[in-house]
Amino acid sequence: MRRPVTGEVHVHYGQIYVESDPDSATPDLFEAFAGQSGGLCGAAVPGALFLITGLHTGNVGFVVEIHDEAPPLDPGWEDVVEVSFRPVSERTSLVQWAGEAVWDLDLPRTDYRVRYCARGMDEGQERDTKGPEEPQTDSYLLQFWPAPPGADRVLRQTSQAADRWHRCARELPPPPTPEQRAETERLARRAQERALEERRLHHERWEWGGRLPSERLRGVGGNVRGLLRFDSDLVHALDAAGSEVQCAVALLAARRACDAAGLIGVAWVTRALTALTERRPLPPPFDDRALLFETLVSDPQVPTRSVLEAVPPERPPYCPPMPPTTAGRMRVPAADAAGPEDGRKPPGLGRALGAFGPTVPVGPNAPRPIEGVADGPGVVVVHPSGTPRSPGRISQPHFALPAVLAAAEPDPLRAALDAVWHAVNTYGEHYPQLLAEIRSACSGRMEE
């Protein structure tokens, strides 16, 4: 015989547990005692024992013994019950409330008979809470020995507390069969998967302006999520439009961006816009991105134009859906005897242990804030890092050229979305007038 636990243990809500499943929560009172005749040691859930004490909160005497065969019953114990138990893993532990302390019982995975003996339950229940310096009121002995499974039994009942717990257990319905338990777990998994999917769709719908995107829109890439922040309705409208409308919008956005940046009179930019109109490949220097921005910097015909950067409309933060509530409480023999208000404890040992920025050229040709020009008042920009600041000024020609490149994309939808995105950034603080024209052009062409 060995004693892995001896001395005192601390109890809360008159409970302590034996757990062997690292992936499962401790069962509640209803589950643990379902169908039993005894109400002190709940063994209805495989791999777990739910042990009741008289004292609500404080230290009680507690000993655990592991025997090779059934030990004799000591007549000094006032209340005695027996149940059957089989660990579901290689580690079985005595566990205090919420995993505050754990004792390894070192039980091999085999069938056991368990005897739970109590003394002084009525005194413990009357004391309710025991301070560290106060004398011990109730004590308990938990014994294990190998034995085939059998029904639970009440071997001795003396205290009124034990009598109430036994009557409470006998009022409970029988535990579910293994088949019923498996079906319940299957349904719970399905419900959890469904809830996770609904939550994902709820967030995605919020991201996309109140409606779910098409599969094509999900996979289009580019700057679609950036444009969503400025005009989600336009994003969905462009997705619903045909390729001819998308190509027309891409060309319009590129032209408006170049016009706002003062590039319409620059010969090599004009040639590119003509190529877009005629649906020909873009001419040099648009066929080499590095050369393109070198030309932009070196050409004296390119004007110096700046504008306060575009700031999308503020939107409310995401509010996830409220999880479904669970109802129903257990009737227990004494107030608070089973735990907190809902009769449950926190998860068992296993569970307790267990943006974007504007698209700009990179490198020496990247646009820099224009010196000597003050930032705009009253608006705050929050970058992906989470750092707030006032809107800065940007070089419009540096944002207009990417709109031309975007309009030449072979995918008409991506061409339209990216060209509009770069045009929005080119217009900066004046972007609402651009989007109004794009929306009007898009809806007018779709009605034709």
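The values are calculated or read from the model by the stated rules, or taken from the named source; none is laboratory data. Computed from a prediction, not measured in an experiment: that's the story for all the values here. Positions of Cβ are backbone-derived with ideal geometry, glycine not excepted, and every protein chain shown enters the neighbour counts. Heads up: the accessible areas ignore ligands, DNA and RNA and are worked out on the full protein's heavy atoms, side chains in. Shrake-Rupley method; radii C 1.70, N 1.55, O 1.52, S 1.80 Å.
General remarks:
- Looking across 227, 196, one residue alone is of a type outside the set (Gly, Ala, Ser), surrounded by 13 or more Cβ atoms within 10 Å (Cβ to Cβ) and part of a helix (DSSP H, G or I). It is 227.
- One residue stands out in the range 250-285 among those that are among the hydrophobic types (A, V, I, L, M, F, W, C), outside any helix (DSSP H, G or I) and open to solvent by 10 Å² or more (accessible area, probe 1.4 Å): the one that is farthest from residue 404 (Cα to Cα), namely 264.
- Test: residue in the range 72-89 that is out of contact with any Phe, Trp or Tyr (no Cβ under 8 Å at 6 or more places or on another chain) and in a strand (DSSP E or B): yes
- Leading residue by the ranking (modelled with the lowest pLDDT) among those in the range 153-180 that are of a type in the set (S, T, N, Q) and part of a loop (DSSP other than H, G, I, E, B): 177
- Residue pairs meeting the criteria (Cβ under 9 Å; at least 6 apart or on separate chains; first of a type in the set (Val, Ile, Thr), in the range 146-171; second surrounded by 17 or more Cβ atoms within 10 Å (Cβ to Cβ) and part of a loop (DSSP other than H, G, I, E, B)): 154/38; 154/39; 154/40; 158/77; 158/78
- Residue in the range 62-73 that is nearest to residue 112 (Cα to Cα), counting only those that are open to solvent by 10 Å² or more (accessible area, probe 1.4 Å) and among the β-branched types (Val, Ile, Thr): 66
- If the condition is being open to solvent by less than 10 Å² (accessible area, probe 1.4 Å), assigned to a loop (DSSP other than H, G, I, E, B) and of a type in the set (A, V, I, L, M), then the range 28-51 contributes 34, 40.
- Residue match in the range 109-116 (condition: open to solvent by 30 Å² or more (accessible area, probe 1.4 Å), under 22 Å from residue 60 (Cβ atoms) and not basic (Lys, Arg)): no
- Within the range 304-332, being of a type in the set (A, V, I, L, M) and at pLDDT below 85 holds for 322, 327, 330, 332.
- Where residue 212 falls short, out of the listed (1) touching a Lys or Arg at 6+ places or on another chain (Cβ under 6 Å); (2) more than 30 Å from residue 239 (Cβ to Cβ): (2)
- Evaluation of residue 222 against the conditions (1) open to solvent by 90 Å² or more (accessible area, probe 1.4 Å); (2) part of a loop (DSSP other than H, G, I, E, B) shows that the sole unmet condition is (1).
- Selected residue [out of contact with any Ser or Thr (no Cβ under 6 Å at 6 or more places or on another chain) and crowded, with 17+ Cβ neighbours inside 10 Å] from 76, 54, 58: 54
- Each residue in the range 231-246 was checked for being surrounded by fewer than 21 Cβ atoms within 10 Å (Cβ to Cβ) and assigned to a helix (DSSP H, G or I), and 8 of them qualify.
- Inside the range 153-201, residues that are basic (Lys, Arg) and closer than 19 Å to residue 29 by Cβ make up a count of 4.
- When residue 67 is tested against (1) within 20 Å of residue 2 (Cα to Cα); (2) within 38 Å of the chain's Cα centre (by Cα), only condition (2) is not met.
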